[in-house]
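Chemist: Can you keep this structure in mind? I'll have questions shortly.
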Amino acid sequence: NIATASISRMAEPWWKARFEEKQAEIEGGHPQLIWLGDSITQNFERGGPEPWRDFAPVWAKFYAPLHAINLGFKGDSTCHLLWRIENGELDHIRPKVIVLLIGANNFGHIHTDAAQTFDGIVKVLDVIHARQPQAQVVLIHVLPSIRSTWVSANTEAVNRLMSQRLGSPGWVHQVD
């Protein structure tokens, strides 16, 4: 299952530069709130130019004061996030809360179905908890999209699996 593998994107120059930039940001601060995810998370850094794409003020107002760091990477799926975590993203820090939004891209380039994507999300949660057992995790379910009937069906299915099978281990709080 590719969704549970650890796959690097370091061959992509922009991705490598972002990873190195975020490593420096992690080392230079003491983040208490970590956002892990894909482009939806990364977009909090976006500043327009259209008013509806101006997300940076939301980050500045609600998350920056909480000593937050944005670890969203455009195009990442569970396998890429696993690589990032296994290669330093959660090292040398002790956040109180980790917000996790991942899985939408599993239905794209790596093309895993709901069951495989669910397994990838569970593995991400396990790796997070092993590295940051003190942290509470807010797991945001995969957001709906209009890409295709197959993607919509698998999005609904993976969210149903999370609701039915993850339970509430006390450190994971699901938001659908």
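The values are calculated or read from the model by the stated rules, or taken from the named source; none is laboratory data. As the structure is a prediction and not an experimental result, all values here were calculated from the model. Here Cβ is always computed from backbone atoms with ideal geometry, including for glycine, and neighbour counts include all displayed protein chains. Protein only, heavy atoms only, side chains kept; ligands, DNA and RNA dropped before computing areas. Shrake-Rupley method; radii C 1.70, N 1.55, O 1.52, S 1.80 Å.
Chemist: Testing Ala115 on (1) open to solvent by 40 Å² or more (accessible area, probe 1.4 Å); (2) closer than 23 Å to Asn43 by Cβ; (3) among the small types (Gly, Ala, Ser), one condition comes back false. Which one is that?
Modeler: Every listed condition holds for Ala115 apart from (2).
Chemist: Can you tell me how many residues within the range 44-63 are open to solvent by less than 50 Å² (accessible area, probe 1.4 Å) and touching a residue at least 24 places away in the same chain (Cβ under 8 Å)? I'd like the intermediate steps shown before the answer.
Modeler: Looking only at the range 44-63, we keep the residues that are open to solvent by less than 50 Å² (accessible area, probe 1.4 Å), and these are 44, 48, 56, 59.
Then drop every residue that is not touching a residue at least 24 places away in the same chain (Cβ under 8 Å), which leaves 44.
Within the range 44-63, residues that are open to solvent by less than 50 Å² (accessible area, probe 1.4 Å) and touching a residue at least 24 places away in the same chain (Cβ under 8 Å) number 1.
Chemist: Okay, moving on. Just to check your reading of the model, which residue among Gly120, Gly108 is at pLDDT below 95 and open to solvent by less than 50 Å² (accessible area, probe 1.4 Å)?
Modeler: Matching residue, one of Gly120, Gly108: Gly108.
Chemist: Kindly indicate whether any position in the range 141-148 is under 21 Å from Ala68 (Cβ atoms) and touching a residue at least 24 places away in the same chain (Cβ under 8 Å).
Modeler: Within the range 141-148, one or more residues are under 21 Å from Ala68 (Cβ atoms) and touching a residue at least 24 places away in the same chain (Cβ under 8 Å).
Chemist: Among all residue pairs at least 6 apart or on different chains, which show Cβ distances below 7 Å where the first residue, located in the range 64-93, is open to solvent by less than 30 Å² (accessible area, probe 1.4 Å) and the second is assigned to a strand (DSSP E or B) and of a type in the set (Gly, Ala, Ser)?
Modeler: These pairs meet every condition: Gly72/Gly37.
Chemist: In the range 132-174, which residues are open to solvent by 30 Å² or more (accessible area, probe 1.4 Å) and within 20 Å of Asp76 (Cα to Cα)?
Modeler: Scanning the range 132-174 gives Val138, Ile140, Leu143, Pro144, Ser145, Ile146, Arg147, Ser148, Trp150, Ser152, Glu156.
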